[in-house]
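Here is the structure we will look at, set down as structure tokens.
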Amino acid sequence: MTQYHIAVVVGSLRQTSLNLRLANAVVKMAPSNFSFKQVQIGDLPLYNQDDDANQADSVKRLKNEIKTAHGVLFITPEYNRSIPGVLKNAIDHVSRPYGKSSWTAKPSGILGVSPGATGTAMAQQHLRNILATLDMPTLGQPEVFIQAKDGLFDDAGNIGADSSKFLQNWMDQYVAWVKRHAS
């Protein structure tokens with residue numbers, strides 16, 4: 001059975017982030033031949049094109065982690081109706097220098113959770129626009145806009161009973177997407 005390695009990019013640095021909790025819970029829903037590794041984005045310098053010829057070690061590490069992954073899972077909050085700056089910074093670093101993007105052709109999926117009623121709909125749409133530019137095939141359906149409510153997570157940190165069927169369906173679709181597009 002083929003093993004698939006997925007890079008998980010969480011767009012929040014907060015230790016108690018709902019999106020970090022979502023990342024840790026949803027990856028448990030994948031089949032055993034899928035492994036997930038959360039990549040570090042909080043240690044990257046601010047992107048500056050002047051540094052393209054001499055990228056920081058943290059940038060080289062992240063580019064390599066994305067390059068060697070079979071797919072990418074983005075789990076992001078919504079800040080001011082868009083993606084967080086730390087996520088955009090990571091995306092810019094991994095896509096540079098021009099022509100040497102590690103994102104190219106990596107199948108991706110997007111999830112997010114927010115206290116707001118629309119979940120992370122705007123952030124996800126902005127991220128989809130960015131990923132299209134990076135030539136990343138992105139799972140379009142089902143879309144997942146989760147409002148954080150009591151019961152989303154159980155006491156063990158797993159997806160709660162009311163949301164597990166919906167998120168299991170999403171994970172099943174994501175797994176099929178990666179298998180279809182991974183090189």
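Here are some notes:
- Boolean, THR104 is within 22 Å of LEU139 (Cβ to Cβ), among the polar types (S, T, N, Q) and touching a residue at least 40 places away in the same chain (Cβ under 8 Å): no
- Remark: THR2 matches the filter, which requires a residue to be hydroxyl-bearing (Ser, Thr, Tyr), at pLDDT below 95, under 23 Å from TYR174 (Cα atoms) and exposed (fewer than 14 other Cβ atoms within 10 Å of the Cβ).
- Residues of the stretch 9-42 satisfying the condition of being more than 11 Å from the chain's Cα centre (by Cα) and among the small types (Gly, Ala, Ser): SER17, ALA25, ALA30, SER32, SER35, GLY42
- Qualifying residue in the stretch 33-45 (condition: farther than 30 Å from ALA161 by Cα, out of contact with any Ser or Thr (no Cβ under 8 Å at 6 or more places or on another chain), at pLDDT 95 or above and surrounded by fewer than 19 Cβ atoms within 10 Å (Cβ to Cβ)): yes
- Residue in the stretch 11-19 that is part of a strand (DSSP E or B), of a type in the set (Lys, Arg) and touching a helix residue (DSSP H, G or I) at 6+ places or on another chain (Cβ under 8 Å) present: no
- Pairs where the first residue, in the stretch 158-169, is touching a residue at least 60 places away in the same chain (Cβ under 8 Å) and within 15 Å of GLY109 (Cα to Cα) and the second is of a type outside the set (Phe, Trp, Tyr) and not in a helix (DSSP H, G or I), C-beta under 6 Å, 6+ apart: LEU167/ILE159
- LYS28 vs. criteria of a type in the set (Lys, Arg) and either closer than 23 Å to GLU143 by Cα or touching a His at 6+ places or on another chain (Cβ under 6 Å) (or both): yes
- Residue satisfying all of: in the stretch 156-176; part of a helix (DSSP H, G or I) and touching a Gly at 6+ places or on another chain (Cβ under 7 Å); surrounded by the most Cβ atoms within 10 Å (Cβ to Cβ) among these: TYR174
The values are calculated or read from the model by the stated rules, or taken from the named source; none is laboratory data. Note that the coordinates shown come from a computational prediction; the quantities given were computed from them, not determined experimentally. Methodologically, a virtual Cβ is constructed for each residue, glycine included, from the backbone with ideal geometry; neighbour enumeration extends over all protein chains shown.
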